[in-house]
Every structure is written in C-alpha cells, then in structure tokens.
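The values are calculated or read from the model by the stated rules, or taken from the named source; none is laboratory data. No experiment lies behind these values; they were computed from the predicted model shown. Methodologically, a virtual Cβ is constructed for each residue, glycine included, from the backbone with ideal geometry; neighbour enumeration extends over all protein chains shown. Surface areas here come from the heavy atoms of the whole protein model, side chains and all, with no ligands, DNA or RNA. Shrake-Rupley method; radii C 1.70, N 1.55, O 1.52, S 1.80 Å.
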Amino acid sequence: MHKAVKSQVDWTALREDFPILRERVNGHPLIYFDSAASSQKPASVLDVVRNYYEHENANVHRGLHALSARATEHYEKSRQRVADFIGAKSADEIIFTRGTTESINLVAQTWGPKFLRAGDVILLTEMEHHSNLVPWQLLSERIGAQLRFVPVRDDGTLALEKFSSLLTPEVKLFAFTHVSNSLGTINPVAELCAKAKNIGAATLVDAAQSIGHMPVNVQEIGCDFLAFSGHKMCAPTGIGALYGRFDVLDAMPPYQGGGEMIVSVTLEKSTFKKPPQRFEAGTPSIAGAIGLGAAVDYLEGIGRGEIFKHDVDLTQYALERMKEVPGLRVLGTAKEHAGAISFVMDAAHPHDLTTFADRYGLAMRGGHHCNQPLMRRFGVTGSTRASFYLYNTREEIDRMVEILQKAANFFK
Ligand code: 7TS
C-alpha cells in the first residue's frame with residue numbers, strides 16, 4: 001500500500017479554512033472530489049472579496065477619489081502577485097481575463113490573424129480541453145491554417161516519438177495542456193516548449209489544471225503564452241489570466257474595443273495603450289482580481305510544492321484502493337500523474353454512477369469533461385472523474401471506495 005507522505009502541513013486542520021466543507025449533502029458529509037471543475041474557496045479569499053465591497057468598491061483607473069484609488073491599488077497589486085506567482089518578468093505581462101477559455105480565445109483572435117497565414121500549422125494534442133481546441137478550429141477556418149495533433153498513447157501520455165515528424169517548419173504555434181483535466185497526465189512542458197522553440201514556433205501552455213497544484217514558472221517553462229483560471233486555484237469565478245511575453249503582447253492588436261484600452265479616440269479612429277491595458281477593455285472583474293491575489297497569498301502560504309506532494313499522495317492511494325472495486329477501469333496510467341483520476345465501470349453509465357455517488361454526498365464529475373476527442377480515443381463516450389485538492393483526505397478516498405463498491409453491487 002502506498003505510504004503516506006510526511007509533510008509539514010496539517011492537512012486536516014487546513015480543512016477548517018474552507019467553510020463549504022461543513023456542508024452536508026443528502027444527509028452525508030460533503031466529499032468534494034470535483035476540484036478539477038472548480039475548487040472550493042478559503043475564508044481568507046471570501047473575506048478579501050467582502051472587504052473590497054465594504055471598504056474599497058469603486059471603478060479602477062478612472063476615478064480621482066479615494067475609493068477608486070484604493071480599488072486601483074489593490075487591483076494592480078494583485079496583478080503583481082500573479083506575476084510573481086508564475087515567475088513573469090513584469091506585471092505588464094499579466095492580462096486579467098475571465099479565465100482560461102477567454103485567455104486562449106484572446107490569443108487566437110489577436111495573435112492568430114496577425115502572425116498566422118493560410119497553410120501554417122497549429123500543433124495541438126489529442127488530450128486538449130475543448131477550450132484549447134475550438135478557438136483554433138475557428139481561427140483555422142477563418143485564415144486557412146491547418147490543425148495537427150500529437151496522439152495520446154494507451155497509458156495517457158503524449159506520443160513524443162511522433163514529435164519529430166509532427167514538428168515541421170510549417171508549425172507556427174504549439175498549444176498544449178500542462179496537465180490533462182480528464183486523465184491527470186502531467187506533460188513535460190519545458191521540454192515541449194524547447195522543441196517547439198527550436199523550429200521557431202510560438203508556444204501556449206494551458207495551465208488550468210496545474211496552476212494551483214504545482215510550481216509553475218513561465219521562465220523555466222519557456223513559453224510565450226500561459227493561460228489559467230482563478231476558480232480552479234481557490235479564487236472566485238469570472239477571473240483568470242493570460243501571461244504573454246511582453247514583446248509578444250506588444251506586437252498584438254487589441255482584443256475587444258472599449259473603455260480604458262485607448263490613448264485617444266476620434267470619431268473615426270483610436271490609438272491604444274500598451275499591454276496589459278490594451279487587452280482589458282471595459283470594467284474588469286475587480287473583486288475577482290483582488291480575490292485572485294488573495295488566493296495566491298493563500299496558496300503561497302502552504303507552498304505549491306507541498307500541495308503537489310499531497311495531491312500525488314492522494315492519487316497514488318486512490319489508484320491503489322480503486323483496484324478493489326470490481327469492474328472498475330482507470331483511463332490513463334501515466335507515471336507523472338496529477339490529482340485527477342478518470343474511470344469507467346462496465347455496468348454503469350458515468351452519469352448514473354456519478355448520480356449514485358451524489359446520494360452519499362460524494363461530488364464527482366461524470367461525462368466527457370469537455371474532452372470529446374480524448375474520450376473517443378479511449379473508446380468511451382464519457383467517464384467518471386474524481387479529482388483531488390489540498391483539502392481532501394485519505395479518509396475521504398476510503399469512503400469513495402466504499403461508495404463505488406456499493407455502486408458495483410447496485411449496477412451489476
Ligand atoms: N483547459 C483545461 C485543461 C481545463 O481543465 C479547463 C476546465 C479549461 C481549459 C477551461 O477553463 P475555464 O475556467 O475557462 O472554463 N476544465 C473543466 C473540467 O475539467 N471540468 O469542468 C471544467
């Protein structure tokens with residue numbers, strides 16, 4: 001049996017930071033194994049958001065009054081916190097967006113048409129979330145670019161041996177996920193970026209599943225762009241970020257037009273600010289950005305290295321224990337495995353299994369996880385996914401195994 005990892009962090013005490021974990025669901029204590037979809041929020045983040053509305057609420061960058069100055073200072077401080085969190089050289093490399101999806105669409109709609117031509121190739125992988133697939137389909141239809149895909153092996157890893165034939169000079173962008181949201185596979189991001197860079201291709205890393213779970217440093221990764229969502233890393237919904245190397249961002253045209261992104265406007269024409277303001281038209285999610293800064297503080301207080309070890313410990317323990325459930329098959333057995341496990345049970349449709357588990361207070365996700373091509377690759381229409389985070393425990397996994405065993409009996 002997988003041995004518990006010794007850690008400085010008191011993981012059980014830390015659960016007290018998350019008020020929602022006291023909820024009961026269908027008469028049972030909540031077991032929240034759906035953090036890959038959205039994480040829960042610690043009280044410190046909720047307090048900061050409430051404090052903002054009670055003491056600082058005003059629009060940013062425009063009011064010449066005290067509250068606007070407070071809001072602006074706090075908003076910009078969060079941008080610096082995010083920059084430090086991912087090892088960016090400057091806060092000007094951080095654009096606040098609604099999340100990963102908007103960050104990727106921003107690149108596809110601004111960088112794409114400016115730097116890609118008909119016949120160019122965008123290299124993706126078979127394991128991308130629809131958010132890192134559909135924007136590129138839309139772009140390639142618009143400009144006549146081609147999409148190409150790195151296949152996924154049976155164990156859920158990328159077929160790197162195919163890389164040299166895929167990474168030809170026509171490839172102008174390689175966009176791929178750091179961690180698979182369905183399989184939990186961790187991709188060797190720095191190595192992949194270095195390979196793409198060698199042939200002069202730009203790189204975009206989808207860090208939605210890694211950002212709150214392991215150290216992520218854009219300079220070590222060597223990417224041009226990195227996209228992530230706040231809500232998967234203890235921050236509120238509606239906020240996320242796009243990192244872009246400053247010289248790359250500076251060469252890009254605006255995304256949306258509107259207030260605060262201009263230098264001057266006549267009836268016919270406008271000139272635009274430098275990044276990041278060029279890409280932040282309109283009133284942003286101020287409370288969201290401030291909450292994201294607080295989430296960074298919270299995660300930094302624990303350390304993403306520690307969180308990663310905890311996730312891996314839970315995952316290894318769960319993989320071991322799930323072998324006891326009859327008829328259960330795990331998809332993806334990569335050695336480098338983050339805290340998400342997808343599985344199928346021959347006798348039960350993923351939706352039925354997930355609904356069954358909910359009756360016992362166990363929250364998982366059932367379906368295609370916005371990974372339809374990947375599900376097809378594994379010959380299934382969907383799976384059930386248990387995903388773990390810093391507030392989960394081995395005891396909850398024991399309970400999950402009991403519930404899955406009940407399900408195996410119920411559905412057989
Ligand atoms: N990329 C990856 C790898 C993701 O896991 C997700 C969300 C996204 C992009 C999109 O993020 P958003 O915040 O813009 O929606 N993944 C999931 C999931 O696995 N279950 O629900 C959402």
Task: Heavy-atom surface of region 189-233, accessible at 1.4 Å and reported per residue (Å²) - done: 28 Å²
- [ ] Sort region 1-83 into rounded, prolate or oblate with this rule: let a ≥ b ≥ c be the square roots of the eigenvalues of the Cα gyration tensor; rounded if a/c is under 1.5, and if a/c is not under 1.5, prolate when a/b is larger than b/c, oblate otherwise.
- [x] prolate
Task: HIS351 versus GLU402: modelled label distance in nm, points set 7 Å from Cα along the beta carbon direction - done: 2.9 nm
Task: Sparse-neighbour loop sites [GluC sites (Glu not before Pro); region 299-384; at most 12 other C-beta within 10 Å; DSSP] - done: GLU324
TODO: Return one whole number: the accessible area per residue of region 11-114 in Å², for a 1.4 Å probe.
DONE: 47 Å²
- [ ] Grab the beta carbon distance between ARG359 and THR283, set R0 = 51 Å, and tell me the FRET efficiency rounded to 0.05.
- [x] 0.75
Open item on the list: Run the simple label-point estimate for HIS130 and ARG117 please: 7 Å along Cα→C-beta, distance reported in nm.
Closed with: 3.4 nm
Task: Tilt relative to the chain, helix 189-198 - C-alpha long axis, 0 to 90 degrees, to 10 - done: 40 degrees
Task: Gained length - LYS269 relative to ASP250, 0.36 nm times residue gap less alpha-carbon distance - done: 4.9 nm
Task: Shape category assigned to the chain from the gyration tensor of Cα positions, a/c cut at 1.5 - done: oblate
Open item on the list: At 0.36 nm per residue, and after removing the present C-alpha to C-alpha distance, how many nm does the segment from SER7 to LEU46 gain when stretched out fully?
Closed with: 11.4 nm
Task: DSSP-loop trypsin sites (Lys or Arg not before Pro) across region 286-342, with at most 14 other Cβ within 10 angstrom - done: LYS323, LYS335
Task: Contour minus Cα-Cα distance for GLU306 and LYS162 (0.36 nm per residue) - done: 48.4 nm
Open item on the list: How would region 33-78 be classified by its alpha-carbon gyration tensor: rounded, prolate or oblate, with rounded meaning a/c under 1.5 and the a/b versus b/c comparison settling the rest?
Closed with: prolate
Open item on the list: Quick check: at a probe of 1.4 Å, how many percent of the accessible area of the chain sits on carbon and sulfur atoms?
Closed with: 52 percent
Open item on the list: Which GluC sites (Glu not before Pro) in region 239-281 sit in a loop by DSSP (not H, G, I, E or B) and have at most 14 other Cβ atoms within 10 Å of their own Cβ?
Closed with: GLU268
- [ ] Order THR271, THR185, THR381, most accessible first, counting only protein heavy atoms with a 1.4 angstrom probe.
- [x] THR381, THR271, THR185
Open item on the list: Run the simple label-point estimate for VAL25 and LEU147 please: 7 Å along Cα→C-beta, distance reported in nm.
Closed with: 3.2 nm
Task: GNM top mover of GLY301, GLY112, GLY282 - the chain, alpha-carbon springs below 10 Å - done: GLY301
Open item on the list: Compute the angle between helix 394-411 and the longest alpha-carbon principal axis of the chain, please, reported from 0 to 90 degrees and rounded to the nearest 10.
Closed with: 70 degrees
TODO: Relative to the longest principal axis of the C-alpha atoms of the chain, give the angle of the C-alpha long axis of helix 286-302, reported between 0 and 90° and rounded to the nearest 10°.
DONE: 50 degrees
Task: Residues GLU220 and ALA91, FRET efficiency given R0 of 22 Å [Cβ-Cβ distance, rounded to 0.05] - done: 0.75
Task: When each of LYS89/LYS114; LYS77/LYS195; LYS197/LYS335; LYS197/LYS269 is checked by Cα-Cα distance, pairs over 31 Å - done: LYS77/LYS195; LYS197/LYS269
